[in-house]
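Asker: One structure follows; several queries about it will come next.
The values are calculated or read from the model by the stated rules, or taken from the named source; none is laboratory data. What you see is a predicted model, and the numbers here were worked out from it, not measured in a lab. Methodologically, a virtual Cβ is constructed for each residue, glycine included, from the backbone with ideal geometry; neighbour enumeration extends over all protein chains shown. Ligands, DNA and RNA are excluded from the accessible area calculation, which covers all protein heavy atoms including side chains. Shrake-Rupley method; radii C 1.70, N 1.55, O 1.52, S 1.80 Å.
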Amino acid sequence: MTPADLVPLLTVGAVLVGVFGLLIGSFLNVVVYRVPNGLSVVSPPSACPGCGEGIKPYDNVPVLSWLVLGGKCRSCREPISARYPLVELAGGAAFVGVAWWWTASTGLQATPTAVIASGLGLVAFLYLAAISLALGLIDLDVHRLPDRIVLPAYVVLTVLLGTASIIAGDPGALGRAAIGGVVLAAFYLVLAFVKPGAMGLGDVKLAGVLGFALAWLGWEELIVGACGAFFTGGLFAIVLLATGRARRGSGIPFGPWMLLGAWIGIVAGAPLADLYLSSLGLA
Ligand SMILES: [Zn+2]
């Protein structure tokens, strides 16, 4: 097959992943609202917060339903926040982006075992993208990173990425991931002790997950991902202070910056590290 033959295949793949991401984004709206309140994410079915009327399946199509309804509940005409379709769009865009990055960085696999290993890795990072969106929004909303989302991630990522690296004949990646998780969690634990209030135990537990995923990819990804949190978070804090929109010590959650930094490390860790080293004349 020539690259041109692959265009239709990749296009169909991108559309399917995008639609799946929109549906996951729709589910994340439920997660972001219910998990911090200790509610089940499966029952009861979604209802309008204004009138309590159940949302019909045809009014629950990601993005399109909100547009068709003009951003209002069908029965009580109460406005529905634009955040719902935006989170759905973010889910779709994130899934297409992750699938694109993964395909571009791993290439197309020739053997069945390599295809399975690559597929498991892709699922792992799609899962990480979904929980990143949920955790970032929940931390912005209520300054918390719920254990119900963070703790299962240790199991899911260990199983998916561990199996992928063993199938691919690279068990060292699993060891590297474990070290990365422990090191980044320990680093945040020290910060939480040194500066209580700025960092919490939720950040420590999330750091373990992010360190694991970053180091599974490589040490450069881990370093860039870890520094990315402080770089983007620090830049944002400087802008807020300079524009007088926040006072020193006012509570800005750090989770969204940890997640943003980690994704910079995941997608661009290796090229950014090479760029930095070559700018120092070291590579
Ligand atoms: Zn209503």
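Asker: Of the numbered conditions (1) farther than 23 Å from Pro36 by Cα; (2) exposed (fewer than 15 other Cβ atoms within 10 Å of the Cβ), Ala198 satisfies every one except a single condition; which is it?
Answerer: (1)
Asker: Sticking with this one: Being open to solvent by 90 Å² or more (accessible area, probe 1.4 Å) and away from the ligand (no atom under 16 Å from the Cβ) is the filter here; which residues of segment 42-55 pass it?
Answerer: Val42
Asker: Anything in segment 75-97 that is in a loop (DSSP other than H, G, I, E, B) and surrounded by 15 or more Cβ atoms within 10 Å (Cβ to Cβ)? List them, or say none.
Answerer: Ser75, Ile80, listed by residue number.
Asker: Output the number of residues of segment 163-186 satisfying the condition of being of a type outside the set (A, V, I, L, M) and crowded, with 19+ Cβ neighbours inside 10 Å.
Answerer: 4
Asker: I've got another one for you. Counting only residues that are within 13 Å of the ligand (Cβ to nearest atom) and open to solvent by 70 Å² or more (accessible area, probe 1.4 Å), which one in segment 56-74 is nearest to Leu22 (Cα to Cα)?
Answerer: Lys56
Asker: Yes or no: segment 31-41 includes at least one residue that is open to solvent by 90 Å² or more (accessible area, probe 1.4 Å), more than 16 Å from Gly92 (Cβ to Cβ) and more than 16 Å from the ligand (Cβ to nearest atom).
Answerer: Checking segment 31-41: at least one residue is open to solvent by 90 Å² or more (accessible area, probe 1.4 Å), more than 16 Å from Gly92 (Cβ to Cβ) and more than 16 Å from the ligand (Cβ to nearest atom).
Asker: Tell me, which helices (runs of 4 or more DSSP H) wholly within segment 172-248 include 3 or more residues that are over 21 Å from Val150 (Cα atoms)?
Answerer: Details: elements: 172-194, 201-217, 219-242.
Passing ranges, in order: 172-194, 219-242.
Asker: Let me ask you something else. Would you point out the residue of segment 88-105, among those that are under 12 Å from the mean Cα position of the chain (by Cα) and aliphatic (A, V, I, L, M), that is farthest from Asp59 (Cα to Cα)?
Answerer: Val98
Asker: May I ask you to list the residues in segment 98-120 that are farther than 15 Å from Ser165 by Cβ and assigned to a loop (DSSP other than H, G, I, E, B)?
Answerer: Gly107, Leu108, Ala110, Thr111
Asker: Same structure, new question: Ala117 fails exactly one of the following numbered conditions: (1) surrounded by 13 or more Cβ atoms within 10 Å (Cβ to Cβ); (2) not assigned by TED's automatic domain parsing to the domain that holds Gly169. What is the number of that condition?
Answerer: Unmet condition: (2).
Asker: Just checking, how many residues over segment 35-55 are in a helix (DSSP H, G or I) and closer than 27 Å to Gly18 by Cβ?
Answerer: Total satisfying the criteria: 1.
Asker: Which of (1) open to solvent by 70 Å² or more (accessible area, probe 1.4 Å); (2) assigned by TED's automatic domain parsing to the domain that holds Gly269 does Leu133 not meet, given it meets every other one?
Answerer: If we test Leu133 against (1) open to solvent by 70 Å² or more (accessible area, probe 1.4 Å); (2) assigned by TED's automatic domain parsing to the domain that holds Gly269, just (1) comes out false.
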